[in-house]
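Engineer: This is the structure, below, for whatever I ask next.
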Number of protein chains: 4
Amino acid sequence: MQSGYDIVGVMEHNFQPRKYYYTYGPNEPAYRVKPGDTISTTTVAAGGSDREGNPIPDEMKQTIPGTVLRQSNPLTGPFYVEGAEPGDTLVVEIRDIALNRPTAYSRIPAHFGCHTEEAPGRVFLFNAPLQTRRFDWKLDRERNVGVLDLPGSRLGRVEIPLHPFLGSIGVAPRFGRVEMALTPGEYGGNMDCVETGKDSILYLPVFVRGGYLVFGDVHAAQGDGELCGVALETSSEVCVRVDVVKGKPIEWPRIEDDEWIMTACSSRPLMEAYKLAHYEMVRWLVEDYGFERYEALQLLSQVGRCRVGNVVDPRYTVVAKYPKKYLPKQ
Amino acid sequence: MQSGYDIVGVMEHNFQPRKYYYTYGPNEPAYRVKPGDTISTTTVAAGGSDREGNPIPDEMKQTIPGTVLRQSNPLTGPFYVEGAEPGDTLVVEIRDIALNRPTAYSRIPAHFGCHTEEAPGRVFLFNAPLQTRRFDWKLDRERNVGVLDLPGSRLGRVEIPLHPFLGSIGVAPRFGRVEMALTPGEYGGNMDCVETGKDSILYLPVFVRGGYLVFGDVHAAQGDGELCGVALETSSEVCVRVDVVKGKPIEWPRIEDDEWIMTACSSRPLMEAYKLAHYEMVRWLVEDYGFERYEALQLLSQVGRCRVGNVVDPRYTVVAKYPKKYLPKQ
Amino acid sequence: MQSGYDIVGVMEHNFQPRKYYYTYGPNEPAYRVKPGDTISTTTVAAGGSDREGNPIPDEMKQTIPGTVLRQSNPLTGPFYVEGAEPGDTLVVEIRDIALNRPTAYSRIPAHFGCHTEEAPGRVFLFNAPLQTRRFDWKLDRERNVGVLDLPGSRLGRVEIPLHPFLGSIGVAPRFGRVEMALTPGEYGGNMDCVETGKDSILYLPVFVRGGYLVFGDVHAAQGDGELCGVALETSSEVCVRVDVVKGKPIEWPRIEDDEWIMTACSSRPLMEAYKLAHYEMVRWLVEDYGFERYEALQLLSQVGRCRVGNVVDPRYTVVAKYPKKYLPKQ
Amino acid sequence: MQSGYDIVGVMEHNFQPRKYYYTYGPNEPAYRVKPGDTISTTTVAAGGSDREGNPIPDEMKQTIPGTVLRQSNPLTGPFYVEGAEPGDTLVVEIRDIALNRPTAYSRIPAHFGCHTEEAPGRVFLFNAPLQTRRFDWKLDRERNVGVLDLPGSRLGRVEIPLHPFLGSIGVAPRFGRVEMALTPGEYGGNMDCVETGKDSILYLPVFVRGGYLVFGDVHAAQGDGELCGVALETSSEVCVRVDVVKGKPIEWPRIEDDEWIMTACSSRPLMEAYKLAHYEMVRWLVEDYGFERYEALQLLSQVGRCRVGNVVDPRYTVVAKYPKKYLPKQ
């Protein structure tokens, strides 16, 4: 059930999903919000388990008559944002990501992740596939650490800090619908970049009226690149505030936090994602901050940082980062 | 209007499209056929022009409520093949591709083709995009040549042999729907490989009951790789015979003609498509022809040929070819 | 022992190698020739075996004090071509490649070839390497066929046509010396492209005075890409005629036969080699044949062919081919 | 002039280069040291300028008769390390990198850096090359900042923290000699990774007796990937301590600092360097720290960090990083 609480025309919505989506696109909106509104809601783990660790029931899964959907990375939404038109930018402030269960899981899948071949499908010809291996992490939310027990190993127990983020967040794409939630692109999607955590602001291009924001696939922690293909997958409570910048088109997702402005581009091969992200950053510096473009390139070359979001999805994601302290004073 | 002529339970169908599709997937079947049936029909050019050179009217274009479809490579079909089930192989004999108009066009687009960047979108940062340039070819169907007049050039007039083939042919994909007809994959699609011409046999995996065969995008001629992104694009009459091999799953399209067995795989980067196509070929040789796999690899290494279908689409297509004369006598 | 027979100032030289080289570069010239001269000589197999099938003795192997050279692809030469200066083009007409022994060998190496990883070295992490497997081919020079007996297999015996070519041919590079004969580049080298066979003409850039032509690594036959990393390796008698085009710089090897003009470029990733070869071809068409460059791109896109030389060496080689019949009449 | 000061058999050497090298390999040793010795010496900037900003004189440049060497990234050394044998690991503690002049320069070259094409050479076909642009940075060594004045720009002046590191450091390669100091590989070389700064320890494979350590190309600062191809290039005083681990072979450079163990692998395409670096890290964790390999992969996937060293050199360098705090207690 949904409810909204109005403050001077801006609403705070509690949205409880009745259906989870496996596609990015103009599906039937689950909820309509206005620019400035805040949404508090729930996401389930990439594999489909909820806060109790139970699989979501079949009647809560998106279906499309006649087709088979790949049931990974179920998405909460879509949120139709009133007034968002093609050529606008959707602003998503990630206010909170509160883990809501005491476990996460990871896996080393047999045919996924960058230690297998780059190709989709089962391409092993002369070698046996990897053994699938499951890892169950405990989430100690009080101490904000993930705990992995490895009884037979010299490590025994490993504790790592948690930094929850939305593995998947995106809008309806420019054309049609993206029928696999695993895929990132210009519309955002399964970028698996650690930068979309609490207190970051994500900018997404609006390609379709209403935007159709969806998100999910919270990772409690992840290393660069999501090497083995699976992070610390879990469910979460998520709170975002949405807004719209009218008449401001962007081509790829952009992210901002206290310290950095960032671009997140997804392509194959990896080098292409690298180049795209840095081109986008130069463009941003030139268009919004008044840099001359050779100067932008020079400064980005000397102070830029870069993170690899994932090297496992159908497109790889690279995040180019430019420090805010080297922006002109506004 | 459609009609079918029955011979011993096998039909020859004349199918006149009322709608052209921009997606691969389980769209509303335009027509139902049985294994063994023959379909004679019409395709329009990749840009949407028909045999008169007129654009197809809006009411004949596939639409999906709320979404924008990229209107390139309109597809004829979908043909629902009775009895085709997931795990079967769909057999498509390409009986005829008869060009039905006296012109084809090509273009050098500003932001497409392998002489630009590999990335999708407009990535030029420091350089101006190419100038878009259109080339109008005449099709002399009597002499089977394409004619390009270049009045200002030392070449004056160029005549090249025509070898019409289906640039796009595919079925519904494993998951969901592919919402851009430009994209090739395991389901076939816009492979742009010259091998899908008259008298070839194409094998496609059946992922969805009925298969949902579509095709179009006839190229009157094309060089390897479709370098500039656009071949000699034209409309055509097409005749295919469909059949089903029950209980025979394949992972990627396969092609056969008098001389070769071939696999066609599409991925990025290019090397991945290369590897996939050759892996598939070794698998085929091992599974269907009884080769020991090291021997298969050795022979393919010495007598195999390879063609690059396209290096311009969202996935690149490579065709690995093995000569039939080096197959065991059946 | 060497000898030369003079006809009007042009010599036909018989050159018997006393040393085989493992590097491209300005090593001590083995022999000096003049433009227009013909050289008849001998090459050994990539693994170092001569016409008797014996390994070349240690004293005939190039050594460099203090360094270890990778002893693969021994090269005959270097031939110092009088009058060849940086900025010239070296012309090598391949007059004959006459196989001189009744056997060739191939192998499936454990850590080489495109069915392993792309990386140099032993990168298998979770999978066992391939089993090394040797294949001994008989060369029936009378019938011009290679014969492989596979006693346990359904194929029994395979016979394939021979098409001998120089797997490796190159000059001194622009900078320094290339210390692994396995590597192709702008200087030619181990391109492993079937196009460098009898009656072809190879054009190589002259980077260093004298050019320092070397060649070897004859393959009696090979499929596209040299998939498993080893072709039908054998020794041969080779006859070439060298010439120099003064003041004509080229950037990459070019090849010509009766039917095609061709460019051969080597890089990684594969797509880069593809693009370079096609860029070079457009440049050639524009600079030497007076094409306007958009027209050159259009025609190459429609009538060009492309072959993958190798996908196994430290750089991959792609050959772009343009039919001579679509060149302007000279 | 060189001098050494002996403490209990271990020497501290002051080495003043008389020649700078452009190759990695067993060149004439400039100096011989013993395991445990410390070397204090000088490096010049990648472009060849010394502490006064003057170009190094021709007689101090390495020459090889008959060849042209690319005079970029002049290297100090080679240091022959007594007792270092193939199969050992060379340990290089970077004790100090003290900038010794008040300027650094950067450039945006017309044909280099990841914003041009990936290919070597001048591949622009339809677009003009970039304009070469030089940037002169001041080095304020007292405040440890680099200063760039951009008079016409809204930024006016930019100040960035300095973090000097050795852009190039390596040993003689496995085979022959690497004749371009621009190239990184298994032997180290021009990795351009910020991790080789003060207080880090670099481990290099010994391929040739004596190792033949060289280094140079100090960057006062650099962003990830060295995007435009040129960092803050300058000269420096450098102090390193060398040691040898006998009978311990490694395949690629490894780095260690207080917080991380790191592997640095160089290849093309970028994805290959990414995979190699992570494979090497798993191997390290398994072989030296007793991890089971699936566990190593799982932990690296969750806590690993990754940096792109360069995407501009003939091979790209990726650094995989594993936090020391998740190693077993020794």
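The values are calculated or read from the model by the stated rules, or taken from the named source; none is laboratory data. None of the values given here were measured: they were computed from a predicted structure. Cβ sites come from the backbone with ideal geometry, for glycine too, and all protein chains shown count toward neighbours. Only protein heavy atoms, including side chains, enter the accessible area calculation; ligands, DNA and RNA are left aside. Shrake-Rupley method; radii C 1.70, N 1.55, O 1.52, S 1.80 Å.
Engineer: With the requirement that a residue be out of contact with any strand residue (DSSP E or B) (no Cβ under 7 Å at 6 or more places or on another chain) and charged (D, E, K, R), what does segment D:84-100 give you?
Structural biologist: D:Glu85
Engineer: Then there's this: Would you confirm, using the coordinates I've provided, whether C:Arg141 is away from chain A (no Cβ under 14 Å), at pLDDT 95 or above, surrounded by fewer than 17 Cβ atoms within 10 Å (Cβ to Cβ) and out of contact with any helix residue (DSSP H, G or I) (no Cβ under 6 Å at 6 or more places or on another chain)?
Structural biologist: Yes.
Engineer: Just name the residue that is nearest to B:Glu256 (Cα to Cα) out of those in segment B:81-117 that are part of a loop (DSSP other than H, G, I, E, B) and hydrophobic (A, V, I, L, M, F, W, C).
Structural biologist: For segment B:81-117, the residue satisfying everything is B:Ala84.
Engineer: Another one. Checking the structure you have, find out if any residue of segment A:20-34 is in contact with a helix residue (DSSP H, G or I) (Cβ under 8 Å, 6 or more places away or on another chain) and away from every other protein chain (no Cβ under 14 Å).
Structural biologist: Yes, segment A:20-34 contains a residue that is in contact with a helix residue (DSSP H, G or I) (Cβ under 8 Å, 6 or more places away or on another chain) and away from every other protein chain (no Cβ under 14 Å).
Engineer: All but one of (1) hydrophobic (A, V, I, L, M, F, W, C); (2) surrounded by 23 or more Cβ atoms within 10 Å (Cβ to Cβ); (3) over 29 Å from B:Lys275 (Cα atoms) hold for C:Cys265, so report the exception by its number.
Structural biologist: (3)
Engineer: Further question: Considering only residues that are of a type in the set (A, V, I, L, M) and assigned to a loop (DSSP other than H, G, I, E, B), look in segment C:160-173 and name the one that is nearest to the other protein chains (Cβ to nearest Cβ). Lay out the reasoning, then the answer.
Structural biologist: Looking only at segment C:160-173, we keep the residues that are of a type in the set (A, V, I, L, M), and these are C:160, C:162, C:166, C:169, C:171-172.
Then keep just the ones that are assigned to a loop (DSSP other than H, G, I, E, B); that gives C:162, C:171-172.
Details: C:Leu162: 10, C:Val171: 12, C:Ala172: 7 Å.
Looking at residues that are of a type in the set (A, V, I, L, M) and assigned to a loop (DSSP other than H, G, I, E, B), I get C:Ala172.
Engineer: Sticking with this one: Within segment C:18-68, track down each residue that is in contact with a His (Cβ under 8 Å, 6 or more places away or on another chain) and free of Cβ contacts under 8 Å to residues at least 60 places away in the same chain.
Structural biologist: C:Tyr31
Engineer: Restricting to segment B:24-83, name every residue that is among the β-branched types (Val, Ile, Thr) and surrounded by fewer than 21 Cβ atoms within 10 Å (Cβ to Cβ).
Structural biologist: Hits for segment B:24-83 are B:Thr38, B:Thr42, B:Ile56, B:Thr63, B:Ile64, B:Thr67, B:Val68.
Engineer: Quick one: count up the residues across segment B:258-286 that are more than 25 Å from B:Gly83 (Cβ to Cβ), within 15 Å of the chain's Cα centre (by Cα) and not polar (S, T, N, Q).
Structural biologist: 2
Engineer: Here is a follow-up. How many of the residues making up segment B:242-290 are without any contact (Cβ under 8 Å) to a residue 12 or more places away in the chain and either at positive phi or more than 10 Å from chain A (Cβ to nearest Cβ) (or both)?
Structural biologist: 2
Engineer: Every residue in segment B:314-329 that is surrounded by fewer than 19 Cβ atoms within 10 Å (Cβ to Cβ) and of a type in the set (S, T, N, Q), please.
Structural biologist: Residues satisfying the conditions do not exist here.
Engineer: Does D:Phe207 qualify as being open to solvent by 10 Å² or more (accessible area, probe 1.4 Å), in contact (Cβ under 8 Å) with a residue 60 or more places away in the chain and among the hydrophobic types (A, V, I, L, M, F, W, C)?
Structural biologist: Considered against the rule, which asks whether it is open to solvent by 10 Å² or more (accessible area, probe 1.4 Å), in contact (Cβ under 8 Å) with a residue 60 or more places away in the chain and among the hydrophobic types (A, V, I, L, M, F, W, C), D:Phe207 comes out as yes.
Engineer: Suppose the filter is open to solvent by less than 40 Å² (accessible area, probe 1.4 Å), basic (Lys, Arg) and at pLDDT 95 or above; does C:Arg307 pass it? I'd like the intermediate steps shown before the answer.
Structural biologist: On the way: open to solvent by less than 40 Å² (accessible area, probe 1.4 Å): yes; basic (Lys, Arg): yes; at pLDDT 95 or above: yes.
In short, yes.
Engineer: What is the one condition in (1) without any contact (Cβ under 8 Å) to a residue 60 or more places away in the chain; (2) open to solvent by 40 Å² or more (accessible area, probe 1.4 Å); (3) closer than 21 Å to C:Glu179 by Cα that D:Gly9 does not satisfy?
Structural biologist: Condition (3) is where D:Gly9 drops out.
Engineer: Say we look at segment B:179-188 and pick out the residues that are within 14 Å of chain A (Cβ to nearest Cβ) and under 15 Å from the mean Cα position of the chain (by Cα); which of these is nearest to B:Tyr279 (Cα to Cα)?
Structural biologist: B:Glu186
Engineer: Follow-up. Filter segment C:24-80 down to residues that are farther than 22 Å from C:Ser236 by Cα and either assigned to a strand (DSSP E or B) or under 20 Å from the mean Cα position of the chain (by Cα) (or both), then give me how many there are.
Structural biologist: Selection size over segment C:24-80: 4.
Engineer: A follow-up question, please. Mind checking whether some residue in segment A:312-330 is at the interface with chain D (Cβ under 7 Å from one of its Cβ atoms) and more than 28 Å from A:Arg209 (Cβ to Cβ)?
Structural biologist: yes
Engineer: From the residues in segment A:236-262 that are among the acidic types (Asp, Glu) and modelled with pLDDT of 95 or more, which one is most open to solvent (accessible area, probe 1.4 Å)?
Structural biologist: A:Asp258
Engineer: Scan segment B:228-239 and report the pairs whose first residue is at positive phi and whose second residue is among the basic types (Lys, Arg), with Cβ atoms within less than 8 Å and a gap of 6+ or a chain change.
Structural biologist: From residues that are at positive phi, the pairs are B:Gly229/B:Arg107.
Engineer: Whether any residue in segment B:283-295 is closer than 26 Å to C:Ala320 by Cα and open to solvent by less than 10 Å² (accessible area, probe 1.4 Å) is what I want to check.
Structural biologist: Checked against the condition, which is being closer than 26 Å to C:Ala320 by Cα and open to solvent by less than 10 Å² (accessible area, probe 1.4 Å), segment B:283-295 yields no hits at all.
Conditions (1) surrounded by fewer than 24 Cβ atoms within 10 Å (Cβ to Cβ); (2) under 13 Å from the mean Cα position of the chain (by Cα); (3) within 12 Å of another protein chain (Cβ to nearest Cβ), marked per residue:
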{"site": "D:Asp149", "(1), (2), (3)": "yes, no, yes"}
{"site": "D:Arg154", "(1), (2), (3)": "yes, no, yes"}
{"site": "D:Val158", "(1), (2), (3)": "yes, no, yes"}
{"site": "D:Phe175", "(1), (2), (3)": "yes, no, yes"}
{"site": "D:Cys193", "(1), (2), (3)": "no, yes, no"}
{"site": "D:Ser200", "(1), (2), (3)": "yes, yes, no"}
{"site": "D:Asp224", "(1), (2), (3)": "no, no, yes"}
{"site": "D:Gly229", "(1), (2), (3)": "yes, no, yes"}
{"site": "D:Thr234", "(1), (2), (3)": "no, no, no"}
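Engineer: Moving on to the next point. Among the residues of segment A:282-330, which ones are among the acidic types (Asp, Glu) and under 19 Å from A:Tyr203 (Cβ atoms)?
Structural biologist: Taking segment A:282-330 first, the residues among the acidic types (Asp, Glu) are A:287-288, A:292, A:295, A:313.
The answer is A:Glu287, A:Asp288.
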